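K.L.:
Once you've had a glance at the structure underneath, I'll fire off some questions.
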Amino acid sequence: MDGENLFYSQKREGIQVDYLKLKEILAGRRRLIRPYYYGTSTSDLGQERFFNLLRRAGYEVKVLPLAEYEGKKFENGIDAMLVTDMLVFAHRDVYDVAVLVAGDGDYVYAVKALKEMGKRVEVAFFDDSCSRELMLSADGTVSLTQVAARIQLYSHSPTVTAGREVIEEEEREVATSDTRLPT
């Protein structure tokens, strides 16, 4: 799952995704090995809480720090890390079907390589956020726009509850920790 792509896509759609529901929808009746989330880290406490929430929901979270060039920060290396893992896991025969949540046309050659290795590749995306070439290269597609009502985060959802537990646990740890320096 390309976290940056999903983050900006859901903002454009005006929804917030429930990641528990998303993994259930994408797995369907298949046995899910493990969902992976690839993103960047800004050392923001809210973002760390989000990553902890994903981990509690069963996601393997892989993050890289934002790169910086001439004073500007940007994502760098996420696509390469995601593709490398997909290819390595395919080579090790860890999975039969990969579901790529992304929209970037840069993934087309990786999808073709995976298919040549005998793997089925499905691409999940919001309709306005996926390149035509990526859709055409996949064995199957899932329009997240069409299932938006089923993956929408609501205040009573298990993900929100789990998120509150993570935040409350971290707040308790901070409140009970001894922050005095040794003398």
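The values are calculated or read from the model by the stated rules, or taken from the named source; none is laboratory data. Please read these numbers as outputs of a predicted model, since none were measured by experiment. Please note: Cβ atoms are built from the backbone with ideal geometry, for glycine as well, and neighbour counts cover all protein chains shown.
K.L.:
Regarding the stretch 130-146, can at least one residue be identified that is surrounded by fewer than 19 Cβ atoms within 10 Å (Cβ to Cβ), in contact with a Lys or Arg (Cβ under 7 Å, 6 or more places away or on another chain) and either of a type in the set (Ser, Thr, Tyr) or modelled with pLDDT of 95 or more (or both)?
P.N.:
Yes, the stretch 130-146 has at least one match.
K.L.:
Moving on to the next point. Any residue at all in the stretch 113-122 that's within 18 Å of the chain's Cα centre (by Cα) and surrounded by fewer than 18 Cβ atoms within 10 Å (Cβ to Cβ)?
P.N.:
yes
A quick yes/no check of all residues on (1) in contact with a Ser or Thr (Cβ under 6 Å, 6 or more places away or on another chain); (2) of a type outside the set (Ser, Thr, Tyr); (3) not in a helix (DSSP H, G or I):
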| site | (1), (2), (3) |
| --- | --- |
| Arg55 | no, yes, no |
| Lys62 | no, yes, yes |
| Ala80 | no, yes, no |
| Val108 | yes, yes, no |
| Leu114 | no, yes, no |
| Val121 | no, yes, yes |
| Ala124 | no, yes, yes |
| Met135 | yes, yes, no |
| Val142 | no, yes, yes |
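K.L.:
May I pose another question? Looking only at the stretch 75-118, count how many residues are under 19 Å from Glu60 (Cβ atoms) and free of Cβ contacts under 8 Å to residues at least 24 places away in the same chain. Reasoning before the result, please.
P.N.:
Taking the stretch 75-118 as the starting set, the residues that turn out to be under 19 Å from Glu60 (Cβ atoms) are 75, 77-102, 107, 110, 114.
Next, only the ones that are free of Cβ contacts under 8 Å to residues at least 24 places away in the same chain stay: 77, 80, 84, 88-89, 92-93.
Residues that pass the stated criteria total 7.
K.L.:
Given the criterion in a helix (DSSP H, G or I) and farther than 20 Å from Lys23 by Cβ, identify the matching residue among Asp128, Asp93. Give the derivation first.
P.N.:
Numbers: Asp93 fails: in a helix (DSSP H, G or I).
After ruling out the rest, the residue left standing is Asp128.
K.L.:
Scan the stretch 19-39 and report the pairs whose first residue is in a loop (DSSP other than H, G, I, E, B) and whose second residue is among the charged types (D, E, K, R), with Cβ atoms within less than 6 Å and a gap of 6+ or a chain change.
P.N.:
Every condition considered, the pairs that remain are Arg34/Glu60; Pro35/Lys23.
K.L.:
Restricting to the stretch 52-97, what's the tally of residues that are farther than 19 Å from Ala138 by Cβ, in contact with a helix residue (DSSP H, G or I) (Cβ under 8 Å, 6 or more places away or on another chain) and not acidic (Asp, Glu)?
P.N.:
12
K.L.:
Mind checking whether some residue in the stretch 41-63 is surrounded by 13 or more Cβ atoms within 10 Å (Cβ to Cβ), under 15 Å from Thr145 (Cα atoms), of a type in the set (A, V, I, L, M, F, W, C) and within 13 Å of the chain's Cα centre (by Cα)?
P.N.:
Looking through the stretch 41-63, none of the residues is surrounded by 13 or more Cβ atoms within 10 Å (Cβ to Cβ), under 15 Å from Thr145 (Cα atoms), of a type in the set (A, V, I, L, M, F, W, C) and within 13 Å of the chain's Cα centre (by Cα).
K.L.:
Working only within the stretch 1-22, note down all residues that are farther than 15 Å from Phe50 by Cβ and crowded, with 17+ Cβ neighbours inside 10 Å.
P.N.:
Asp2, Asn5, Ser9, Glu13, Ile15, Lys21
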